[in-house]
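Chemist: Would you mind keeping the following structure in view while I ask a few things?
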Amino acid sequence: MVARVLLCAIVALSWPAPVEAQPAPAPSSSPAAAPAPESVLGSIAARFHARRVPPFETYTLVRSQNAENGLPDFLNSYTRRMWVRNSDRAALSRDVLPDGTRGPLIFDRVAFNEARDPGPATADLLESASLSEYRVEAIETLGEIVHLRVRPVRDAGRNRLREVFADRRTYEVRKLIVADKLFVDRSTTYPVTLTITMGTADGFPVIGNIHGSVGGGYNGDGKEVDFAFSAIAFPATLPDWYFDPRSYGRHGGDGPV
């Protein structure tokens, strides 16, 4: 009897003790690393450049500003209809006069940062938004918007971006702040800050509105100026003579309205 009890005790001591279940490790709660600011700028530019630029576009441009005395500047405020060929930005323009009549056909070549109205509506405002041209100085998230402050590494006259606002999920551009110039008598220039609000037309990212503020001590007419783009469309083709001012005389009566 004693031997059996002793044997049972030995067996009991040699059996492995039950192992208590350990709780599974909790999943990591640390957020994924945020993308580098330069990578965000690159993604915004890539998203913008993924669009297909249409060969032609038409739009109405409304310019409004006040004179130096604060009263409406009727001479330099107007409504202008534009027909643009994007391959070379040649344009046919025609003012819409207050009485509803149309002005003469005028040739233009639309561009930013030059002695003419800004445009076209599909202008590539991110053409130099590359890592080699800009340094992102600050980045913040404002609700559903990611906001970047950028500084050109070189050639600030060509690399004109200063701030970029984009959808934080899709990287679609919502607003831009860029540097531009006011040309007075085509000799004196003043720095201009343009705040550009973006929209869409037929799926294309387009300029909706521009507010310009002239600095550099300028206090003349149009110190604050606004441009509104509307009736934006993308015809499949336009007549060649629209972009050849030598042909206008033969088409004045049948020009577009």
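The values are calculated or read from the model by the stated rules, or taken from the named source; none is laboratory data. It should be emphasised that the depicted structure is a prediction, and the values quoted were computed from it without experimental measurement. Here the Cβ positions follow ideal geometry from the backbone for every residue, glycine too, while neighbour counts run over all protein chains shown.
Chemist: Quick one: which of Thr193, Thr200 is surrounded by fewer than 17 Cβ atoms within 10 Å (Cβ to Cβ), among the β-branched types (Val, Ile, Thr) and either within 20 Å of Gln65 (Cα to Cα) or modelled with pLDDT of 95 or more (or both)?
Modeler: Numbers: Thr200 fails: either within 20 Å of Gln65 (Cα to Cα) or modelled with pLDDT of 95 or more (or both).
Just one listed residue meets the conditions, Thr193.
Chemist: Moving to a separate point now. For the range 126-138, check the following and say yes or no: at least one residue is within 16 Å of Phe229 (Cα to Cα), at pLDDT below 90 and surrounded by 17 or more Cβ atoms within 10 Å (Cβ to Cβ). Talk me through it step by step, then tell me what you get.
Modeler: Here is the first cut: in the range 126-138, the residues within 16 Å of Phe229 (Cα to Cα) are none.
Within the range 126-138 (the criterion being within 16 Å of Phe229 (Cα to Cα), at pLDDT below 90 and surrounded by 17 or more Cβ atoms within 10 Å (Cβ to Cβ)), the answer is no, since none of the residues qualifies.
Chemist: A further question on this structure: Within the range 194-217, take every residue that is without any contact (Cβ under 8 Å) to a residue 60 or more places away in the chain and among the aliphatic types (A, V, I, L, M) and give me the one that is farthest from Val62 (Cα to Cα).
Modeler: Here the answer is Val214.
Chemist: Now, a different point. Considering Arg168, Arg174, Arg151, which residue is over 17 Å from Phe227 (Cα atoms) and in contact (Cβ under 8 Å) with a residue 24 or more places away in the chain? Walk me through how you get there before you give the answer.
Modeler: Values: Arg174 fails: over 17 Å from Phe227 (Cα atoms); Arg151 fails: in contact (Cβ under 8 Å) with a residue 24 or more places away in the chain.
Criteria check complete, one pass: Arg168.
Chemist: If you go through the range 215-227 one residue at a time, do you hit one that is hydroxyl-bearing (Ser, Thr, Tyr), surrounded by fewer than 17 Cβ atoms within 10 Å (Cβ to Cβ), on the phi < 0 side of the Ramachandran plot and not in a strand (DSSP E or B)? Break it down stepwise before answering.
Modeler: Restricting attention to the range 215-227, the residues satisfying the condition of being hydroxyl-bearing (Ser, Thr, Tyr) are 218.
Those left that are additionally surrounded by fewer than 17 Cβ atoms within 10 Å (Cβ to Cβ): none.
Checking the range 215-227: not a single residue is hydroxyl-bearing (Ser, Thr, Tyr), surrounded by fewer than 17 Cβ atoms within 10 Å (Cβ to Cβ), on the phi < 0 side of the Ramachandran plot and not in a strand (DSSP E or B).
Chemist: Follow-up. For the range 184-199, enumerate the residues that are over 11 Å from the mean Cα position of the chain (by Cα) and assigned to a strand (DSSP E or B).
Modeler: So in the range 184-199, the residues over 11 Å from the mean Cα position of the chain (by Cα) come out as 184-194.
Selection gives Val184, Thr188, Thr189, Tyr190, Pro191, Val192, Thr193, Leu194.
Chemist: Look through Arg116, Arg85 and report the one residue that is within 22 Å of the chain's Cα centre (by Cα) and free of Cβ contacts under 8 Å to residues at least 40 places away in the same chain.
Modeler: Numbers: Arg85 fails: free of Cβ contacts under 8 Å to residues at least 40 places away in the same chain.
Exactly one of Arg116, Arg85 is within 22 Å of the chain's Cα centre (by Cα) and free of Cβ contacts under 8 Å to residues at least 40 places away in the same chain, namely Arg116.
Chemist: Out of Asp99, Asp88, report the one residue that is modelled with pLDDT of 90 or more and either charged (D, E, K, R) or over 29 Å from Glu163 (Cα atoms) (or both). Full working, then the answer.
Modeler: Details: Asp99 fails: modelled with pLDDT of 90 or more.
The match here is Asp88.
Chemist: Checking Arg47 against (1) surrounded by 10 or more Cβ atoms within 10 Å (Cβ to Cβ); (2) closer than 30 Å to Phe243 by Cα; (3) modelled with pLDDT of 90 or more, which single condition isn't satisfied?
Modeler: Only one criterion in (1) surrounded by 10 or more Cβ atoms within 10 Å (Cβ to Cβ); (2) closer than 30 Å to Phe243 by Cα; (3) modelled with pLDDT of 90 or more is unmet by Arg47, namely (2).
Chemist: Would you point out which residue out of Ala231, Ala156, Ala236 is out of contact with any Leu (no Cβ under 7 Å at 6 or more places or on another chain), part of a loop (DSSP other than H, G, I, E, B), at pLDDT 95 or above and aliphatic (A, V, I, L, M)? Reasoning before the result, please.
Modeler: Details: Ala231 fails: part of a loop (DSSP other than H, G, I, E, B); Ala156 fails: at pLDDT 95 or above.
One residue alone meets the criteria, Ala236.
Chemist: For Tyr248, work out the one condition from (1) in a loop (DSSP other than H, G, I, E, B); (2) in contact (Cβ under 8 Å) with a residue 60 or more places away in the chain; (3) farther than 21 Å from Ala111 by Cα it doesn't fulfil.
Modeler: The single condition Tyr248 does not satisfy is (1).
Chemist: What number of residues in the range 200-214 are among the acidic types (Asp, Glu) and part of a strand (DSSP E or B)? Steps first, please.
Modeler: At the first step, the residues of the range 200-214 found to be among the acidic types (Asp, Glu) are 202.
From what is left, the residues that are part of a strand (DSSP E or B) are none.
Of the residues in the range 200-214, 0 are among the acidic types (Asp, Glu) and part of a strand (DSSP E or B).
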